[in-house]
Amino acid sequence: MRLPTFKGDIYTYIRISTKKQSMDDKMGLERQRFLCDEYIKKNYPYTRNISHYEDIGTSYKTGRRQLNMKELLRKIKNNSMIIIAEISRLGRHIQMVNQILQIINEKKCVIVSINDKLTYGISKLHNKKFREKIKFAKEESDYKSRQIKNSIMYRMLRGGSFGRPAFGYEYIKNSNRVAVIKKKLSEFKIIDKIINLSKTNSFEEITNILNTNNELNRGKFWTCFRIKNIVKKFTKTQNDTQNNIGNGNRKLTFPERLRNTKYGNLKILVSNDIEEQHETSKTSKTSKTSSIVKLRSGKEFYKF
């Protein structure tokens, strides 16, 4: 996929949405760099004017825009080339990508996608295929988002938890193989020590004591800010527990607290609109049970 008549400047662009994605073998930070460098060495070994731009931890949905992409579009010269590892690295928001392509058209530049083996800016046919791939990347992103949301809802309905557990807690699978949150005794010993030390010591002194004794925060050194949050959180928890006991109120479980706060409408949805039906499909060797959750209107909500 070499352009024999190209003699302009070359720009490489790399983007990852999260820090976790940077270590991905398929489309991580190092993998994208390797693909772009190898493509240039193989096809344009004598090109000197090469510029590199990277956006790390940027996503349209989180509000962190692609600042280095904007810088690239501002500085790019006419009749230049942008090399990307994959079309989705331009972005998964169609309106934003269309704005990028409009600027590329105005400056008569070319975009080369290595993995997709597609180019933009050569002919109308190539441009059409390039735009179709952008739509596919958007649909793929939306599908993954729906899968994650459905998985969270499904786990909550079964009484499970999600997200990174706070210090002092861990995930343990119950008899139904659902991850529920439980206290971690080894970390709660450190929490009790912090609470007791906070009565006579400052946050900085507590931090030095714990780090000196090698009682770390999940492998990391303690900071004053983290110690302050621990003291504030668990002191408030103890006071709330005492008030609930005095008033004769039952303390809510972790899933119940989630339903009443972050997912306020979930409680109504569970009690009024959702019916669970279990279908058992028998095979010659094993029997598998699939759970289908449907709305009362008959429309399937999600399926596992």
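Some notes on this structure:
- Taking amide H as placed 1.01 Å from N in the peptide plane, the amide H of Arg15 sits under 5 Å from that of Asp55, each at least 5 places away or on another chain.
- Out-of-range pairs (alpha-carbon distance over 23 Å; input Lys20/Lys42; Lys26/Lys144; Lys149/Lys232; Lys138/Lys173; Lys20/Lys184; Lys19/Lys173): Lys20/Lys42; Lys149/Lys232; Lys138/Lys173; Lys20/Lys184; Lys19/Lys173
- Between Asn49 and Glu139, the contour length at 0.36 nm per residue exceeds the Cα-Cα span by 28.8 nm.
- Between Lys75 and Thr212, the modelled label-to-label distance comes to 4.9 nm, taking each label 7 Å out from Cα in the direction of the beta carbon.
- D by Stokes-Einstein for segment 138-202, Kirkwood Rh over Cα pairs, 20 °C, 1.002 mPa s: 148 µm²/s.
- Local net charge near Lys77, Cβ-Cβ under 15 Å (Lys/Arg +1, Asp/Glu -1): +3
- Amide proton proximity set for Asp24, modelled H, under 5 Å, gap of 5+: Leu29
Quick note: the coordinates plus some simple rules give every number you see, no bench work behind them. Everything quoted here is computed from the prediction, not taken from an experiment. No Cβ is skipped: glycine too gets one built from the backbone with ideal geometry, and neighbour counts run over all protein chains shown.
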